[in-house]
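Remarks on the structure that follows.
Just so it is clear, none of the values below were taken in a lab; they were calculated from the coordinates. Everything quoted here is computed from the prediction, not taken from an experiment. Cβ coordinates were reconstructed from backbone atoms using ideal geometry, including for glycine residues, and neighbour counts include every protein chain displayed.
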């Protein structure tokens, strides 16, 4: 049986040799290190599809500076340790940029590898600490959750006039980060936190959580869970007849959540950084639906944006060198009129955080409807 | 009594060859390949321990990833506090050994799948502990930037040097396990698995050996965890959950439970097969799952039982033909008398 190991090693060597051969070409190679199985599949595959759509468009239009983009996909199984290993694998293949992972816990770990290799790394992660590591190569494709939360808190204070709010969150880095941010913002606006309810990642039965939400008897609910868990929570809220405003930030109103929760999602409202139902994203949505036979959500837009953002950055830097690309994006704004693919004007700060317009939405008849558009947070 | 040599010449030659291959492998591999190879060795250590508990002593344990987690967290937390890896890792082993003793107690009362459930519950408990005791374990954020150790002033930070450390430790603990299995202890474990009542009647202290098989198995998981943390540089609760406990069990069973090299092969399959199947994109984990199911149907004794399984089927066929011949002969005889 030891010979088996020998054979396996032999095969490994062959594979390695093959990879070396492939990497020598006049293309721009990128790796999509995303969640294609496990708890993050909904988010990861949307992101992957969005990026794929953009890459196909860019290639059809002649590529970036005459070079075609070649994309390789790697599944993180929604686990940080595998995400890190896959990022190492991508670096072995000498990629120009890495897209993903989308889950904050994964990008938090994998970005140390892309940083070491000086490779720009786009992420869909929204946890605050993702850009707090002093990594010059990390770039978000959506808001830092700490930038979204003040807008949500404002909405609950002024529009809903809530005096007390019950907070339900998923007990992972994403959920906890959001919970900490919203509790702080609510406190700053003198809104009482009537209940602080944690749920497990992958939790199926939400009945006790909903019972506690009802018992908290607050003016409104703020729920911050990943996609599948959000849908389960909404279904259970409907089942138990919860009748107070249900407010979320981005995920609770996501297309996947609406699809899974069905009519139970009606009436949900909140703030989103990106929504496929906003006028700026209409064209993109139509193309995505045609290609993948599914509605895109904010993660689809993130992936699409990431690919076009890379194009804009390479064209600005006039180089595919990682350092030059990163430098071209830091403290810079990009306009839609120069780069149509980025869909909304964006500005990056020195940490890789993003600023752009955002939206207040409400779910009506199984669709997100934009009720208001909010300006960029900072003047650029 | 006939004196048995420690290893047959053929066995020794293959082992030397394999070790040589392992020594030259880093020169041929890129970063990711080497990472996989190192991870495989870590899994081999853990699976060797589980093989002792499940394969040799016959106790269904489903909390092996939990033990590994205890080892990993012990090392990570102690190293973050500035304590050397060379003190932290023996501590990890000792703590896991002690925990193994504790978990062994239910095994004295319940058996088979009931024991499986009891250990499953324990694994769940450990994961909840890792996730909720944020002051100690970092909660869902985990512990980041775990350094690799020095060895008498020589840094093992590079992937290659760390690989050789893991390889050396794997070999050392592999040899220790082989010696243990050849000692009267090894035979006592097997007796415990095959027929506990008879084992007890021949003077084997069932209580002691049950507890020891759990404790030693857990200690191996502890070593694996102690190496896993500096290998990945980062730990969080997920890799130590129930699904990975099941994966470890699968490694042992697929390789050949109760066979010394079973875990070596099983870990390679559980780790490398999904890698090779990645070209199937969205389907690779499904195909991997079906492959495992198929293996269990046709080779319930694991891959290393292939030879025996073939011999058995040959024997069965021969026996079947003999039986047919006998029945035919009996029928003829009956016909003759009628």
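Using a Förster distance of 41 Å, how high is the FRET efficiency between residue A:369 and residue B:297, based on the Cβ-Cβ distance and rounded to 0.05? If you can, show how the numbers build up before the last one.
On the way: r = 53 Å, r/R0 = 1.29.
According to the calculation, E is roughly 0.20.
Peptide A:79-90 has a mean shielding of 5, counted as Cβ atoms of other protein chains within 10 Å of each residue's Cβ.
The angle between the Cα long axis of helix B:262-276 and the longest principal axis of the Cα atoms of chain B comes to about 70 degrees, rounded to the nearest 10.
Modelled this way, with points 7 Å down the Cα-to-C-beta line, the labels at residue B:306 and residue B:333 are 4.3 nm from one another. Angle, helix B:64-80 long axis vs. longest principal axis of chain B, Cα atoms, 0 to 90°, nearest 10? With both axes taken from Cα atoms, the answer is about 20 degrees. Would you mind classifying the stretch A:145-272 by shape? Square roots of the alpha carbon gyration tensor eigenvalues, ordered a ≥ b ≥ c; an a/c under 1.5 is rounded, otherwise it is prolate if a/b is larger than b/c and oblate if not. Judged from the Cα gyration tensor, the stretch A:145-272 comes out rounded (a/c under 1.5). Taking the square roots of five times each eigenvalue of the Cα gyration tensor of chain A, the equivalent ellipsoid has semi-axes of 36, 24, 19 Å, listed largest first. DSSP beta bridges in the protein assembly as shown, what fraction antiparallel, as a percent rounded to 5? Percentage antiparallel, nearest 5: 35. Estimate the FRET efficiency between residue B:98 and residue B:175 by the formula 1/(1 + (r/R0)^6), using the beta-carbon distance for r and 35 Å for R0, to the nearest 0.05. After rounding, the FRET efficiency stands at 0.90.
Extents of the stretch A:27-184, largest first, come to 57, 34, 29 Å (Cα atoms, principal axes, whole angstrom). Taking the centroid of alpha carbons for each part, the stretch A:23-97 and the stretch B:43-62 are 38 Å apart.
Which residues in the stretch A:51-85 place their backbone N less than 17 Å from a point set 7 Å from the Cα of residue A:318 along the Cα-to-Cβ direction? What the label zone holds, given the 17 Å backbone N cut-off, is A:64-67.
Over the stretch B:227-288, the Kirkwood radius and the radius of gyration, each from Cα atoms, give a ratio Rg/Rh of 1.02.
For all pairs of alpha-carbon atoms in the protein assembly as shown, what percent lies in each bin of width 10 Å, listed from the first bin to the last filled one? Spelled out bin by bin, the protein assembly as shown gives 3, 13, 22, 22, 18, 12, 6, 3, 1, 0, 0, 0 percent.
Multiplying the sequence separation of residue B:206 and residue B:151 by 0.36 nm and subtracting their Cα-Cα distance, what value in nm do you get?
Going from the current span to full extension adds 15.8 nm.
Extending 7 Å from Cα along the Cβ direction at residue B:136 and again at residue B:325 yields two label points whose distance is 6.8 nm.
Sorted fewest first by neighbouring Cβ atoms within 10 angstrom, B:141, A:348 come out as B:141, A:348. Spin-label model, residue A:118 to residue B:128: label points 7 Å out along the Cα-to-beta-carbon direction sit 5.0 nm apart.
Were the residues from residue B:108 through residue B:246 laid out at 0.36 nm apart, the gain over their Cα-Cα distance would be 47.5 nm. By its C-alpha gyration tensor, with a ≥ b ≥ c as the square roots of the eigenvalues, how is the stretch B:107-234 shaped: rounded for a/c under 1.5, else prolate for a/b larger than b/c, else oblate? Here the stretch B:107-234 falls in the oblate category. For the stretch B:247-325 versus the stretch A:227-277, the inter-centroid distance based on Cα atoms is 45 Å. For chain B, modelled as a GNM whose springs connect Cα atoms under 10 angstrom apart, the maximal fluctuation among B:161, B:243, B:201 occurs at B:201. Calculated mean residue ellipticity at 222 nm for chain A: -13500 deg cm²/dmol, from DSSP H runs with n ≥ 4 weighted as -39500 (n - 2.57), summed, divided by the residue count and rounded to 500. Expressed as an acute angle from 0 to 90° and rounded to the nearest 10, what is the orientation of the C-alpha long axis of helix B:184-194 relative to the principal long axis of chain B? With rounding to tens, the tilt is 60 degrees.
Rounded, prolate or oblate: which one fits the stretch B:1-89, using the alpha carbon gyration tensor with axes a ≥ b ≥ c (rounded when a/c is under 1.5, else prolate when a/b beats b/c, else oblate)?
Details: a/c = 2.10, a/b = 1.26, b/c = 1.66.
Note, shape of the stretch B:1-89 comes out oblate.
Rg and Dmax, both from the Cα atoms of chain B and both in Å, are 22.9, 93.
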